[in-house]
Every structure is written in C-alpha cells, then in structure tokens.
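Q: Quick one: this structure, given as structure tokens, is what I'll be asking you about.
Read-outs throughout are calculated quantities, based only on the coordinates presented, and are distinct from any laboratory measurement. In this text, all values refer to a predicted model and were calculated from it rather than measured experimentally. Using ideal geometry, Cβ is built from the backbone for each residue, glycine included, and neighbour counts are taken over all protein chains shown.
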Amino acid sequence: MKLMTIDGNSIVNRAFYGIRLLTASDGTPTNAIYGFLNILMRLVEDELPDALCITFDLPAPTFRHEQYEDYKAHRKPMPDELRVQIPILKEVLNAMNITCVEQAGWEADDLLGAMAKKCEGVGCECVIVTGDKDSLQLVSDTTRVKLVKTRMGQTETIDYTPAKFINEYGFSPDKMIDLKALMGDSSDNIPGVAGVGEKTALDLVQRYGGIDAIYSELDNLDLKDSLKKKLETGRENAELSYTLATIRVDAPLDIEPSDAIRREADNDKLYDILKHLEFSRLIDKLSLSPSGQDKSSVNQIQEVQIIDVTTEEDFTSLANAAKDANWVAVLPDIEFFDTIAVAIPGKDIDNPYVYRSINMKIAPVLSGTIKKAGHNVKDIMRACLERGIETDNWMFDTAIAAYLISPTDSNYDISRLAERYCNYFPQSSSDESGQITLLEDMGKSLAQKTYAISLLHKTLSDKLVEMELEKLYYDIEMPLCSILAEMEHQGFLIDKAALRMYGETLAIGISDAESQIYDYAGEAFNINSPKQLGVILFNKLMLPAPKKTKTGYSTNVEVLDQLAGKHPIIGHIKDYRELTKLKSTYADGLMKVIGADGRIHTHFQMTVTATGRLSSTEPNLQNIPVRKEMGGELRKMFVAEEGNVLVDADYSQIELRILAHIARDPVMLEAFAHGDDIHTVTASQVFGVPLNEVTSVQRGRAKAVNFGIVYGISSFSLSNDIGVLPREAKEYMDNYLENYSGVRRYMADIVASAKQLGYVATLFGRRRYLPELKSSNFNTRSFGERVALNMPIQGTAADIIKIAMINVTNRLKAEGLRGRLILQVHDELIAECPQDESDAVSTVLREEMENATQLLVPLVAETHVGKSWHDAK
C-alpha cells in the first residue's frame, strides 16, 4: 500500500503566493484553494496513492513554543485573504472524503513524521509532499519526499530518495537537522550559530558529520580560529536549534495508514462548494453534477426536444415557429459550418425544443429578418460573410453580455456560463481524447448549447438591467459586432514582395550582428542561450555581473541596458535580438498568415481586456512596431490596393483629455480649451518656468509625468523612465499634484469610491471590480489602486473609439462612400477608400471621432492619407 501525506499549510501557502489573487463573485478569495486543488489532483495523478491524508497546523502554540519563547516570533501573521480560505479548503477536502489530520500542540511537520513512522511499522510506502525542506530529514528507505516549488502559477516537484538526497547534499538525510542547527532558520526564528551561514554549515556537516561529532572534536578540527570561536560561543544555540529543528515522529495519532484509504467524493457537497467558488473547470474535471445528476446525460433540467430539419415540411415548420416567436437562439458550428441549431423559446419553458440541421438546411435563418440571439456573434457574422451569407438582426450575444457583467473572467465558454447562471449543463460532444467523434454528436451538443443561449438570454438581460449596463451593451457592444466582422473579412493588403525583401534585409543584419558578437567574444556560441551568453559576458569578458541565479546569470534586457557602454559587444547583442524578433515574429510570421486574396485577416477580440479595449490576434496587428527604424519599415508593407489609399485618423492625447474632464481640473481644462500643448503647460507648472522658456528636456519629462499619473506610476518607475534620481522624480510628481489640484482630488476620490463600491466605471458605465483593494498585501492593494486610477480613463477612451467606429461606418454607408474601416489600433482608425474619396473619408473620420461624445474639453483627431500605413501615419 502507498500512503501520500501532504503538508497542508506548506502547500496552501505555496498556492496562495504562487497564483494571483482570485475571487468569487461575492468577493471570497479563492486563489489558494484553487492552486491547492490543482496541485493535489496533479500529485494524485502522478503517484496514484492507495491512501491520502493532509496535515494542518492549528493556531495554538506547540511544544516548540514552550521550549523557546521566540520560536517563529518574527513570522508575519497569515494574510486575511489566505486565512479565510483555510476553513473553506477544509470543507472541500471533507467533501472529497480526504482524511485531514491536525492536533493541538503539534505542527503539521510532526504529523507527517508520525504518519511516516506508522507506515514504516506496517511495511507501507510513504510519500510526503511539502514545500518545506525541513521534511527532507524524513527521507528513508520507506519514505520519499516530494518537494513542491510554485512560481508564477507554475508548479514543479523534486522527488527525494536517500540516493537523490545524498547526491545533492553530500550527507545522509537525518543530518538535515544538524545543518539547520548550525545555520538556523530565519523563517522559524531558529537561532543557529551566529555568523555561520548555509555554505559554511554545509561544509561542516559534509566534512565532520553532525553537531555531536563537531563539538566533541572542536579543538582538533582544521578550522579557522574565528570559526571555532563562533562555534564555541554558539554551542548552546546549536543544541537548542537541533531540538527545534527535529521533526518528532511520536505525535499521539489515533489513525492508521489504512484509515486514510481513498474514497469517492460526496458529489452533492463538493459540487455545491465548488459551484459557489466558481471553479467550473474543476467541476468538469471531477465530473460533478448538481444533486447527484449525471452530467453525461442530454440535459439536467428539462428534456431538450431535438427536431431534425431534413425536408421542406420540416423547414416550413421551423419557419412558422420562428415567425410566431419574438426571437430565436441560433448557433452554427463555426469551424465546420455545416451544422446549425435554432432554439425557439416556447410558451411552455418546461418543454423546450431545438431545430437542428446538418449540411446547413436552415442557413436562411441566419440571413432572415428574425431577431436572433447567439454566442460570439461577431465570429458567426464573419463566418457568414466568408460564405456569402448576409446576416443581420442579431439582438443578443451571451458572451459579450457575460463579459460586461464580469469583465475579468478567464473565459466565456457557453457551457461555463450555462452552468454558472442557469444551472444547466450542455453535453460534451467529444470522446475521452477530447476529439470530436461524429457530426451527429456534434449536432446534439450544438442543440443543447443553443438551448443554453435561450436560457442565458433572459438571465443575462436582467443582469444587464440590474447593473445599468444595457445602454453600453445595446448601443455600443452589439452594433460593433457587425463592424468588426466586416473589418476582419475585408483584411489589410500586404506587399508580399516587399515583405520578402524586408525579411532578407533582416537576415543580412542578423548575420552581421552575429559576426561582430563572435569577433568580440573570440569564439562562436549560441547567442540565444542565456547560459552561454552569461559565460561570455561575465566570465570571459569580465563585465560586472548581476546576481547569479540557479540557472546562471541573467542576460535579459534590463541587464543589457545596465551594461550599455561598458563593452561594444552589448550593442551588437541588442541589435541581434531586435532583428531576430522582427524577422521571426513579423517578416516570417506575417508571411505565413497572408490569405489567398493577398490580405491579412486579423481576429478582433471583444471579451479579453478588462478595460474594454479591443485586442487583435492571429496575427496581432495592434503590436506592429513603429518607433525604431527597422520596425517602422514594417508599416510600409501594409498598403492600399491599386486605385485606393489609406486614411489614418488618430486621437490626440485622448486619455489626458478624459482625465481633464473626469477630474474637472481647471489648469488642464484651460490648456485644452485654448489648444495649448499640454506637456509644455505641465512642464511650465512643474518646473516653475514661463511657457516660452520650457526646454525640450523639460517637456519630455513633463510628458512622462502626465502619462505616468494616468497609469498610477510610482516615483521609482518614473525615475527609471526619465533617467533621474527617485528623489527628483518624486519632486516632479509632488509639484504636478500641487498644481493640478483637480487631478489630486480625483486620485483620492476614485480610490475611496472603488473601496466603497467594489468597482470603478467608465463614463459609459463599463465596470471593473477590484477585490484587490481589500487585500492586506501591499503590492496587491497597490495594484488595485493603480487600476482604480487608470481604468475609468482608459476604459472611457475604449468606449469612445468604439462609438466613433459605429458612427464612422454608419455615415460612410449613408453617404454612399465606398471607403471602409479595416483596422483599429487603440486610439487610431484606418480606412481604405478609392483615391477620389480620400478627402470625404478623411472628413468623416475626423468629424465622427471628434463628435463621438461631448466632454468639457474638445476631442481632437488628426488624419493623414497615404498609399501605405507608414505614409498615412
């Protein structure tokens, strides 16, 4: 039999600090529980233990506190966000029927040791899981220790057997206690021997064994006198530390390994808890269902009646049913687009029915006048355009509605939303390997998901009204779907020959940089290997080295920036990295995604950013480099087709104008009203000089302060950005806030409001919830405050440009112009139009962008025309 016993406190701490703060909708912190359960399930999958138990500390003092009053005295109290998760985690484990062990006066480590001792007594294999190296002393012929490390949400384990331990440390596992006795442990406040660190302690134990051997022969040991004196003076502390560091295996446990045999979870209890915590993926992974119902069945609430449309009579029946309904739910399969389902809300909700067609027998529904609800409607619209199907009258998108309601969710999968908001589980249409098996099965799943849309429509509609989001939803987000679908379908023409030549030019530059690097290094090596590059820079060329990590020296961009000017090789390395990125990501990467029509068709993501900004993928056209010469060249490859031109319109300082409006700051309002350069005005205020005496350096620093304030930048970060001391940067910021009293008041008021309401909002009602503001962790709380400052500004800018896109599109069509939008990049819109329409289209873009909304200061948009993106910018 194999028993796996887990140090609960150690692993839950690893999970808490290794994963960003997560919360359920009611504000309950969940990251530690989520991380712990994922680690637990991975461990169980790897080890397949017969028995499982988890040990926990209790808050009461232990026998070690009685032995040493200052034991763990310096340890910070558990953060509130973690403390509230511990009892919930125990409820989850109880529902999973996992044995938990805790005992007053004893630590989790000691309970691990006691269980390991019991395993040894009955000939049972024991696997201890912990994040604490202290438990390595328990490694034996019958006990392995899996040491867990978690960083940035990634977890790895190191499996220690006696051989592995000895190979790494050079002594037997039981001597881990002696190591701790000599070096101490600051986290537990175990004193150790003053002046003896880990390196010295390791050497002593490897050479002489434990503290008994060291002290019995101290006078005869080949040690420096200073070290001998430290050891002699610290003997009492060493012996005390040995006692404190020893894991006791004699805790009076009243359970045996056989009592921890794994049992099936309590479905109902576990489902209810995980549902409350909103752990949908874990619910799926554990195959849980409400009230013991089988999730693999067709439905869990009502019997969805599926009517196959195969004949003209079937279609007539569908058409009549749809005509009598106010709206229908429609969901085609985007990837294959040969199966479609239509759910028609009946008068009797207990008897829902879904029409399903394979091979698109009911495709006309998509282009008809019937009002339709769907999921990811923009993607459906694009798929229809690609197939020559005109589609309109979409009045609801469940994905976008859920996004507005909860904008920081990781995904808006329809099954997850149906479970969360309607307690309904659409059936999976895949086999155990996750691959779609039969078109028929896919059709069944599609039918159920379409029914889920009909359920979600009512629930999410009510939620939008409750949260006062309906105007944002119906006036901005939904109309934008068709515009983005058309932009994706239209695409952006690429000069393929020029792009190929650009790639060849980059290849020459890469080769030249490589040769220069090898010349200065005196040898060829893998420039892309941080380890090999670190050896060249810091061992061979003897450049000042950063702190060494376990994998070697860091050679990231920050390190290279610090080394700039110290050796000519650094400049060539930076050139090499920039050129290789341009070639692989852009020159080669863009070539791969050019369509048969010679255009690149990006995908705009509407439900990704928490601020409401659109993002672009496959490829990301919002990330095309512009500042550096070689990057700027790339925009020359994006061109208008023969006879056409590009019109580029860009908002001028829109976020600062929004800040002036929201903050009602008199200095900013006056500057924008008179058309003054805001950065020059800020420089005049911050540096106390007349407007006409502001230097370019002062203006540049004032610009950094302006945008830094918008993004909640710290004085330390500002100092790095503009190359001054932190003290000087702080002085700039203090002067700024002293002169811009409205901004100072806004910064205080918005954070206070966010703490009270739990969220911030844009001028158009878009919300972002900020549970981080309640965190006891300074860094987490500071992040929440920065978001509170920035989101209303950045989010409002996102709302405004969306309004502008809608108005521009409507006006271009109303005036009979052939010009159409083809790209949006943050505060910039690009249209392609016939050359003879360039003036008219420029006027439309400028006027509609400037009049998208009314602020206390004018919105200003600048337009340029050119044959390429580079020329029009």
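Q: To the nearest 0.05, what FRET efficiency results for LYS458 and GLU633 with a Förster distance of 51 Å applied to their C-beta separation? Before the final figure, lay out the partial values.
A: Details: r = 53 Å, r/R0 = 1.04.
With R0 = 51 Å, the Cβ-Cβ based efficiency is 0.45.
Q: So, one more: Between ASN411 and ALA319, what is the label-to-label distance in nm when each label sits 7 Å out along the Cα-to-Cβ direction?
A: For ASN411 paired with ALA319, the spin-label model returns 3.9 nm.
Q: Once phi is turned into ³J(HN,Hα) by the Karplus curve 6.51 cos²θ - 1.76 cosθ + 1.60 with θ = phi - 60°, what whole-Hz value does each residue of segment 35-40 show in order, with x for glycine and proline?
A: Whole-Hz 3J(HN,Hα) from phi for segment 35-40: x, 4, 5, 5, 5, 4.
Q: Separate question: Taking the 0 to 90 degree range and rounding to the nearest ten, how far is the long axis of helix 496-521 tilted relative to the main principal axis of the chain, both from C-alpha atoms?
A: 30 degrees
Q: Right, here's the next one. Report the extension gain between ASP677 and SER367 in nm, rounded to one decimal, defined as 0.36 nm multiplied by the number of residues separating them, less their alpha carbon distance.
A: Values: separation 310, 0.36 × 310 = 111.60 nm, distance 5.01 nm.
Gain in length upon complete extension: 106.6 nm.
Q: Once you have the Cα-Cα distance between THR142 and THR617, take 0.36 nm times their residue separation minus that, and quote the gain in nm to one decimal.
A: Numbers: separation 475, 0.36 × 475 = 171.00 nm, distance 5.19 nm.
Taking 0.36 nm per residue and subtracting the Cα distance, the gain is 165.8 nm.
Q: May I pose another question? Could you give the distance between the Cα centres of segment 701-759 and segment 805-873, to the whole Å?
A: Using only Cα atoms to place each centre, the spacing works out to 33 Å.
Q: Can you work out the FRET efficiency for the pair ALA748 and THR243, with r the C-beta to C-beta distance and R0 = 41 Å, to the nearest 0.05? Could the numbers behind the result be given before it?
A: On the way: r = 53 Å, r/R0 = 1.29.
That pair, ALA748 with THR243, gives E of 0.20.
Q: Do the alpha carbons of any pairs in LYS180/LYS285; LYS76/LYS463; LYS175/LYS230; LYS117/LYS228; LYS285/LYS372; LYS117/LYS180 sit beyond 30 Å of each other, and which pairs? The partial results should precede the final answer.
A: Details: LYS180/LYS285 41 Å; LYS76/LYS463 41 Å; LYS175/LYS230 20 Å; LYS117/LYS228 37 Å; LYS285/LYS372 33 Å; LYS117/LYS180 22 Å.
Distance filter (> 30 Å) returns LYS180/LYS285; LYS76/LYS463; LYS117/LYS228; LYS285/LYS372.
Q: Pick out, from THR200, LEU455, ALA797, the residue whose Cα sits farthest towards the positive end of the charge dipole of the chain, with +1 on the Cβ of Lys and Arg and -1 on the Cβ of Asp and Glu.
A: THR200
Q: Also, I was wondering about something else. How far is it, in nm, from the label point at SER584 to the one at VAL860 when both lie 7 Å from their Cα along the line to the Cβ?
A: 4.2 nm
Q: Identify unpaired cysteines across the chain, taking unpaired to mean no other cysteine Cβ lies under 4.7 Å from the residue's Cβ.
A: Result for the chain is CYS53, CYS100, CYS384, CYS422, CYS481, CYS833, no neighbouring Cys Cβ within the cutoff.
Q: Between ASN167 and GLU102, what's the calculated FRET efficiency when r is the beta-carbon distance and R0 is 22 Å? Round to 0.05.
A: Values: r = 34 Å, r/R0 = 1.56.
Computed FRET efficiency for ASN167 and GLU102 comes out at 0.05.
Q: On a 0 to 90 degree scale, rounded to 10, what angle separates helix 741-757 from the longest Cα axis of the chain?
A: The answer is roughly 70 degrees.
Q: Checking the a/c ratio against 1.5 first, then a/b against b/c, what shape does the Cα gyration tensor give for the chain?
A: Details: a/c = 1.96, a/b = 1.32, b/c = 1.48.
It comes out oblate by the Cα gyration axes.
Q: Run the helix sum for the chain: -39,500 (n - 2.57) per DSSP H stretch of 4+ residues, divided by residue count, reported at 222 nm to the nearest 500 deg cm²/dmol.
A: Numbers: 37 runs with 414 residues, N = 873.
After summing the helix terms and dividing by residue count, I get -14500 deg cm²/dmol.
Q: Still on this structure, I have one more. Within the chain, which is the longest segment containing none of the GluC sites (Glu not before Pro) that sit in a DSSP loop and have at most 14 other Cβ atoms within 10 Å? Don't skip to the end; give the middle numbers.
A: Values: sites that count: GLU69, GLU217, GLU264, GLU303, GLU335, GLU390, GLU432, GLU468, GLU523, GLU641, GLU642, GLU815.
That gives 643-814 as the longest site-free run.
Q: Moving on to the next point. Give the shape of segment 2-260 as rounded, prolate or oblate, defined through the alpha-carbon gyration tensor: a ≥ b ≥ c are the square roots of its eigenvalues, a/c under 1.5 means rounded, and otherwise the shape is prolate if a/b is larger than b/c and oblate if not.
A: Cα axes put segment 2-260 in the prolate bin.
Q: Let me ask something else. Given H placed 1.01 Å from N in the peptide plane, which residues other than close sequence neighbours of LYS146 have an amide H under 5 Å from its amide H?
A: Here ILE128, VAL129, THR130, TYR160 satisfy the definition.
Q: Residue by residue through segment 179-194, which ³J(HN,Hα) values in whole Hz follow from phi under the Karplus form 6.51 cos²θ - 1.76 cosθ + 1.60 (θ = phi - 60°), with glycine and proline marked x?
A: 4, 5, 4, 7, 8, x, 8, 5, 5, 9, 6, 7, x, x, 9, 4
Q: For the chain, what does the relative contact order come out to in percent, with C-alpha contacts under 8 Å and a separation of six or more?
A: Once normalised by length, the contact order is 9 percent.
Q: Choose one of LEU227, SER241, PRO257: the residue whose Cα lies farthest towards the positive end of the charge dipole of segment 147-270 (beta-carbon charges +1 Lys, Arg; -1 Asp, Glu; about the Cα centre).
A: Checked the options; the winner is LEU227.
Q: Need the list of aspartates and glutamates near LYS636 for cross-linking: C-alpha distance under 16 angstrom, and skip anything on the same chain fewer than eight residues off.
A: ASP495, GLU504, ASP588, ASP648, GLU832, ASP871
Q: Rounded, prolate or oblate: pick one for segment 655-764, where a ≥ b ≥ c are the square roots of the eigenvalues of its C-alpha gyration tensor, a/c under 1.5 means rounded, and failing that, prolate if a/b is larger than b/c, else oblate.
A: On the way: a/c = 2.24, a/b = 1.33, b/c = 1.68.
In terms of gyration-tensor shape, oblate.
Q: Right, another one. For LYS149, go through the lysines and keep the ones whose alpha-carbon is under 18 Å away, minus same-chain ones fewer than eight residues off.
A: Straight-distance partners of LYS149: LYS133, LYS164, LYS550.
Q: Further question: Under a point spin-label approximation (7 Å from Cα along Cα-to-Cβ), what is the PHE716-ARG664 distance to one decimal in nm?
A: Placing both labels 7 Å along Cα→Cβ, they lie 3.6 nm apart.
Q: Gain in length, ASN393 to LYS76, computed as 0.36 nm per residue apart minus the alpha-carbon separation, to one decimal in nm? Display every interim value, and only then the final one.
A: On the way: separation 317, 0.36 × 317 = 114.12 nm, distance 5.85 nm.
This chain segment gains 108.3 nm when fully extended.
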